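Peer 1: This is the structure I have questions about; it appears just below.
Each reported figure results from applying straightforward, stated rules to the coordinates on display, with no laboratory input. Remember, it's a predicted structure, so these values are computed and weren't measured experimentally. With ideal geometry, Cβ positions are generated from the backbone for all residues, glycine too; neighbour counts draw on all protein chains shown.
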Amino acid sequence: MNKSLFSLLSGLILTVLFSESAFATPQFDDIGQSITDSMSSLPGLVAAFSYLSGIVIAVSAIFKTVDHVSNPTQTPVRVPVVRFLIGGALFSLPIIAEAVMTSINGGTPVIFSSQGNMLLALGSILGVLSSVVTFGQNVNFILQTMIWSVELLPGLIAATAYLLGLVIMVSALYKTRDHVEDPQRVPMKDVVIRFITAGALFSLPTIYNAMHETITSGGLGILGTIAALLSPAGFLWSSQAGGFGCGITSVIIPGITTPTLGDVICMSMINTISFPTFLAAVAYLIGLVFGFWGILKIRDHVNDPSRVPVTEGISRFIAGGAFFGLPFVVSVAQMSVANPLLIAATTINGNTGFSETVTAATCGTTNSLDEAMGCFMLNILGPSQVVLSFFGYVVGTIFIMIGISRLIKSSQEGARGPGGIGTFTTFVIGGMLVSAQSILSAIAASMFGYDLLALTSNYTFASLSYTTGMTVAEQQAALNVVAAVLKFMILIGMLSFVRGMFILREVAEGSQQASAMSGVTHLIGGALAVNLGPLLNAIQNTLGITAFGVTFGGGL
């Protein structure tokens, strides 16, 4: 009988284990697999215990039957009857387990795999980058290894949940007996919540699917994000005025004999591009833990509502679902703050009118300081913008993860609580960082009135208002310097703008080292620095000195 029970229980556990792709099992997986293997005999131990206790309860039921016949007033008939029933239930533990599991999942085993699955995202990035970089000794390889090394941890969580569910279900049977014999001491809710908890633990994939779809409504989220990041049509900036960018079509393949600083900047981003996938993997694992934790918190609430409010369980379910759908949540934050489909990043991406003579083809043969300055900024502008945008995307995702994790905190946390201004600002700043260039474009348009829908370029084409006595070469040398200064200020302005977002978040968090004025100054100052050309034009128009100095017009 014990062997039969163990076989049935082993069959049941397969319905809740997670389905993951078959990769090699690095060190963490070995540990997880060893723990899971060591637990494989525990369901049989629980089954053996329930079988023996069933015999004991059945024998006690016989004695209670005798007592009832001898003295029905002292021993009501419900006592031996419930003991016979509980004994039979303990003999048939797998049938009871299947019944409570069916109550949760409807009898249809579910294999959970969220739309933001870490392995799907990892496969996407590997496919996109396979023709560009070799996964060797770089950060991508380290992150990839870390993701694969925890691949089997979901199975360990499922096995732990199943074992705990068995224990809780056996305790529920004992509580049922206690309730029938003494309903005043053991209320019915103690029995029901144990059966429900056991069924939920047996049906973890169903619970996880419900958590995920509650947040995403079954949506796909942005699984194509990684591919989009690497495309010039995505949120990364492409080449500037004949310069360099970091899109797949323009990135310099490793192994070139004469790498430039722009190449180094590009490859630093390309070789760490799997960070978003790594964060999705971390969020996936956190969601697994939160779902398990939420079930136990609901049980604790029913047992002691004064000590454990129901919000502790619900908040963990919501936070876990948000972690499962992290790519979707990031997309929502981005669209809610600045929809990139509606706000064209023309004030930066449209910088194609720099008046300079240096080009990517001619750089490397320069003999003058102005040409060296022009080539330097031409080489690093596009890559620096790409890396800064990628940095904003990664940090914005981390901020959103921090905001999600705060949903399980209590209101006593103040600004960092679930409804605190710090948590709200963390979500907002996260969305702003993810779509930093759209925010910067919107602020610039608010100041200088660009026609974004008409894709009007920024005013980066410099003209010397007074050139008497200057040769053509001297004019071109001056314009080279002006173009280099404009590009340098664009980068400084972007850094200042991003810094302003960090400062505003620190203010919302209650930091005494930051001020709102400082954050706003960085935001406005950054936007002005990026748009130095139109700013200087506005100052000249105000002072009435347009006939002198340098004026700026639209792109070529």
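Peer 1: What nm distance separates the two modelled labels at Ser446 and Thr359, each placed 7 Å from Cα along Cα→Cβ?
Peer 2: Each label point lies 7 Å from its Cα, and together they span 4.0 nm.
Peer 1: On to the next question. Along Cα→Cβ, 7 Å out, is where each label goes; now give me the distance between the ones at Phe502 and Asp304 in nm to one decimal.
Peer 2: In this crude spin-label approximation the distance works out to 4.3 nm.
Peer 1: Pick out, in residue order, every one of the chymotrypsin sites (Phe, Trp or Tyr not before Pro) in segment 475-556 that is DSSP loop and has at most 12 other C-beta atoms within 10 Å; say none if there are none.
Peer 2: Taking segment 475-556 and a limit of 12 other Cβ atoms within 10 Å, the loop chymotrypsin sites (Phe, Trp or Tyr not before Pro) found are Phe548.
Peer 1: Could you rank the peptides 198-211, 403-416 by their average count of other C-beta atoms within 10 Å per residue, with the highest value first?
Peer 2: Going from most to least packed, we get 198-211, 403-416.
Peer 1: Can you figure out the FRET efficiency of Val289 with Ile62, using R₀ = 35 Å and their beta-carbon distance, to the nearest 0.05?
Peer 2: Efficiency, from the Cβ-Cβ distance: 0.15.
Peer 1: Compute the distance from the alpha-carbon center of segment 61-94 to that of segment 456-533, in whole Å.
Peer 2: When both Cα centres are located, 85 Å separates them.
Peer 1: What ranking, highest mean first, results for peptides 428-440, 53-65 when packing means the other Cβ atoms within 10 Å averaged over each residue?
Peer 2: Ranking, from highest mean packing down: 428-440, 53-65.
Peer 1: State the extension gain, in nm to one decimal, for the chain segment bounded by Ser515 and Ser410, taking 0.36 nm per residue of separation less the distance between their alpha-carbons.
Peer 2: Here the answer is 35.2 nm.
Peer 1: To continue, here is another question. Evaluate E = 1/(1 + (r/R0)^6) for Met146 and Asn71, where r is the Cβ-Cβ distance and R0 equals 56 Å; express this FRET efficiency to the nearest 0.05.
Peer 2: For Met146 and Asn71, the calculated efficiency is 0.25.
Peer 1: Moving on to the next point. Between Ala547 and Ser463, what length comes free when the chain is fully extended (0.36 nm per residue of separation minus the Cα-Cα distance, one decimal in nm)?
Peer 2: 29.2 nm
Peer 1: Less than 20 Å apart at the alpha-carbon level, and either on another chain or at least 8 residues along: which lysines does that give for Lys409?
Peer 2: Filter leaves Lys297.
Peer 1: Where does each of 534-547, 157-170, 319-332 land if you order them by average Cβ count within 10 Å, highest first?
Peer 2: So the order, starting with the most tightly packed, is 319-332, 157-170, 534-547.
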